[in-house]
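Q: The structure's right below; bear with me while I get my questions together.
We did not get these values from a lab; they are worked out from the coordinates using the rules stated. All values derive from a computational prediction rather than experimental measurement. Note that each Cβ is placed from the backbone with ideal geometry, even for glycine, and that neighbours are counted across all protein chains shown.
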Amino acid sequence: MHYTGMKTAEAALKRMCDPEAQVSAHYMICKNGDVINLVDESKRAWHAGISCWRGIASLNDISIGIEMENPGHEFGYEPFTEEQMVSVKKLAKDIIDRHGIEARNVVGHSDIAPSRKDDPGELFDWQGLAEEGIGLWHDVKKVWRGGDILVEPGKEDVDVARVQKMLSDYGYHIRVDGYYGSKTEDVVKAFKRHFVPEQVNVYWDKLAEERMKKLLSMIGKV
């Protein structure tokens, strides 16, 4: 899942149809809900870039990319429209059913390229998709209090390694070395964009911990 990250749908389409840009996706969903099929699913599209998920790199080769029309964080990030969400649910469910895609493998661009990308971002309704059988979600409600930060940037200890191991077990590309450096910050922020959208930052807090534990239990990793 991506957002176009351009000012208009026309600009996004022009870029994705320009061979010199080397950017494309299988589908684009416009704000009015229209679905545009740009690349046949049997062919490779250039949407993932340098990427990795569950130990597999170069995901352009094995994935189907859906772009959602949205200006993105650079040009005035905004909520996705109801029409878009209806269309993406219908399209994604059809793709999943035809290809037998595992729920954990329904991911965002930021999940597979956390140091490079922010999309589709914290306003994308992952929970709504999961309620339709598309991807995974949790049932852990927000209980935020000051002082709930468990691990923070700059630390180097076994607690950091434990967090890194959980992120790796779920599918994120991260080195389990016990140091909370910039790469770990990027992955933590990507995880929170997807699963803790209420508080997107680089701190590993109680809410992130509880939601991660729930997700790992759902995939048999706890």
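Q: Provide the gained length on full extension for the span Ile50 to Glu83, in nm with one decimal, where the gain is 0.36 nm per separating residue minus the Cα-Cα distance.
A: Net length gain for the segment: 8.8 nm.
Q: Now a separate question. Can you tell me how much longer the chain between Glu198 and Asp177 gets when fully stretched, taken as 0.36 nm per residue apart minus their C-alpha distance, in nm with one decimal?
A: Length difference between fully extended and current span is 4.8 nm.
Q: With the crude spin-label approximation of a point 7 Å out along Cα→Cβ, what separation in nm comes out for Ala21 versus Glu156?
A: If labels sit at Ala21 and Glu156, their model points lie 4.3 nm apart.
Q: When the C-alpha atoms of segment 149-218 are aligned to their principal axes, what extent does each axis show, in angstrom, from largest down?
A: Largest to smallest, the principal-axis extents are 26, 22, 19 Å.
Q: Here's another thing I want to ask about it. Along segment 81-95, what does the Karplus equation 6.51 cos²θ - 1.76 cosθ + 1.60 (θ = phi - 60°) give for ³J(HN,Hα), rounded to whole Hz, x for Gly and Pro?
A: Those phi angles translate into 6, 4, 4, 4, 5, 4, 5, 5, 5, 5, 5, 4, 4, 5, 4 Hz.
Q: Let me ask another. Rank by packing, highest mean first: peptides 30-36, 40-46, 180-186, with packing defined as the count of other Cβ atoms within 10 Å averaged across residues.
A: 180-186, 30-36, 40-46
Q: What is the set of long-range amide H partners of Asp205 at a cut-off below 5 Å, with H atoms built 1.01 Å from backbone N?
A: Leu150
Q: Between Ser115 and Glu41, 0.36 nm times their residue separation minus their Cα-Cα distance comes to what?
A: Stretched out fully, the Ser115 to Glu41 stretch lengthens by 23.9 nm.
Q: May I have the pair-distance distribution P(r) for the chain, computed from all Cα-Cα distances with 10 Å bins from 0 and rounded to whole percent?
A: All Cα pairs considered, the percentages come to 8, 34, 36, 18, 4, 0.
Q: For segment 91-222, what is the convex hull (Cα atoms) projected area averaged across all directions, in square nanometres?
A: 7.9 nm²
Q: Kindly provide the helix-only [θ] at 222 nm of the chain, computed as the sum of -39,500 (n - 2.57) over DSSP H runs of four or more divided by all residues, to the nearest 500 deg cm²/dmol?
A: -10000 deg cm²/dmol
Q: Taking neighbour Cβ counts within 10 Å as the exposure measure, how do Trp204, Trp126 sort from fewest upward?
A: Ranked by crowding around the Cβ, least crowded first: Trp126, Trp204.
Q: For a quick check: sort Val86, Val158, Val187 by the number of other beta carbons within 10 angstrom, fewest at the front.
A: Neighbour counts put them in this order, fewest first: Val158, Val86, Val187.
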